[in-house]
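I have placed the structure first, in the form of structure tokens, so that the comments after it can refer back to it.
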Amino acid sequence: MSTPLPQLAPRDPESHKGDFGRLLLIGGSRGMSGAIALAGLAAVRSGAGLVRLATPDVCLDAVATQFPAYMTLALPSDRHGRISRRAWDELHRAIEQATVVAVGPGLGRSLGLDWLVDRLYREVAWPMVVDADALNALAERRTPLAKHAGPRILTPHPGEFRRLVPNASDERAEQESEAIELAGSAGVVLVLKGHHTLVTDGDLSSRNTTGNPGMATGGSGDVLTGVISALLGQGLSPLEAARLGVCLHGAAGDIAAQVYGEVSLTPLDLVESLSMAMQNASLPDDDA
């Protein structure tokens, strides 16, 4: 049975940028600075009011020059160009000014980052999207996923899910059942990526019907993180933001594939197609 997708409310003519979310996206590292830039681009394109990218100081110029409409925050870096554990105090101050936090795109791996992500997950009260290496950090620290201070959306692909749940099945149908159980027991929204991506909070579940194999390329998940974060900032609940975000992301991929073909599709094509996807009044419902 199909379920109508949530929709953003019409914008009040008297509204201002602060009404549509103050996003802090945390990520990037030397060699992977493009990931956090893609997330920021997607968040702006998806209607976020203010977007700030917190990234290692060695990556700041590369990230800042990608797009003039998001802000940047330079964080202390370690000798490998990753966010240092010493960044906690600066991150904490920046989080106080935000309404939505996302962490993971291009983050990289280190013991210091594992500690930072674990603390962010357990202590930050704002809605948070957790993706990519932030998920791997939680798995490495064996962070109890129910021990969080605020709403959480986790967006693993099957490999990341198996790291979060070490005894998880390799079979998609069983993995989906395990994802529903995990979401319910941990009190999170879980987005299990793949063909017909599953979105669940443990009680309500749906499968996305948009998207195509051309989206199986590096950077596509970073775009999704930005989209979902922007929708959270505009007032949707975590489950609503995840459902609509996954659908819009896939619809943008379908629009881009019509122009460029699946083989040549890039994450930037997804970002550029988001505006048309968001204007499309005939987005398909997802499958409950």
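The values are calculated or read from the model by the stated rules, or taken from the named source; none is laboratory data. Just so you know, these numbers come straight off a predicted model, no measurement behind them. Here Cβ is always computed from backbone atoms with ideal geometry, including for glycine, and neighbour counts include all displayed protein chains.
Assorted remarks:
- For segment 70-87, the criterion of being under 26 Å from Gln7 (Cα atoms) and either crowded, with 18+ Cβ neighbours inside 10 Å or at pLDDT 95 or above (or both) is met by at least one residue.
- The residues of segment 141-158 that are of a type in the set (D, E, K, R) and surrounded by fewer than 16 Cβ atoms within 10 Å (Cβ to Cβ), listed by number, are Arg142, Lys147.
Residues checked against (1) among the basic types (Lys, Arg); (2) more than 27 Å from Asn280 (Cβ to Cβ); (3) part of a helix (DSSP H, G or I):
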residue	(1), (2), (3)
Asp12	no, no, no
Ser15	no, no, no
Leu23	no, no, no
Ser29	no, yes, no
Ala35	no, no, yes
Leu53	no, yes, no
Ala69	no, no, no
Leu91	no, yes, yes
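- Within segment 163-209, restricting attention to residues that are within 19 Å of Asp131 (Cβ to Cβ), among the polar types (S, T, N, Q) and part of a loop (DSSP other than H, G, I, E, B), the residue that is farthest from the chain's Cα centre (by Cα) is Asn208.
- Within segment 221-238, the set of residues being surrounded by 24 or more Cβ atoms within 10 Å (Cβ to Cβ), of a type outside the set (S, T, N, Q) and out of contact with any His (no Cβ under 9 Å at 6 or more places or on another chain) comprises Asp222, Gly226, Ala230, Leu231, Leu232, Gly233.
- Residues of segment 256-277 satisfying the condition of being surrounded by fewer than 19 Cβ atoms within 10 Å (Cβ to Cβ) and assigned to a helix (DSSP H, G or I): Gln258, Val259, Tyr260, Leu268, Glu272, Ser275, Met276
- Count of segment 54-68 residues, restricted to those that are more than 11 Å from Ala37 (Cα to Cα) and under 20 Å from the mean Cα position of the chain (by Cα), is 1.
- Of all the residues in segment 1-35, those that are in contact with a Lys or Arg (Cβ under 9 Å, 6 or more places away or on another chain) and of a type in the set (D, E, K, R) number 3.
- Neighbours by Cβ (under 7 Å, 6+ apart or cross-chain): first from segment 164-181, under 15 Å from Leu154 (Cα atoms); second surrounded by 17 or more Cβ atoms within 10 Å (Cβ to Cβ) and of a type in the set (Ser, Thr, Tyr): Ala179/Thr200; Ile180/Thr200; Ile180/Ser205
- Residues in segment 112-162 that are assigned to a helix (DSSP H, G or I) and among the charged types (D, E, K, R): Asp114, Asp118, Arg119, Arg122, Glu123, Asp133, Glu140, Arg141, Glu160, Arg162.
- From Gln7, Gln97, residue being touching a helix residue (DSSP H, G or I) at 6+ places or on another chain (Cβ under 8 Å), surrounded by fewer than 15 Cβ atoms within 10 Å (Cβ to Cβ) and within 28 Å of Leu244 (Cβ to Cβ): Gln7
- Qualifying residue in segment 162-169 (condition: touching an Asp or Glu at 6+ places or on another chain (Cβ under 9 Å) and within 25 Å of Ala230 (Cβ to Cβ)): no
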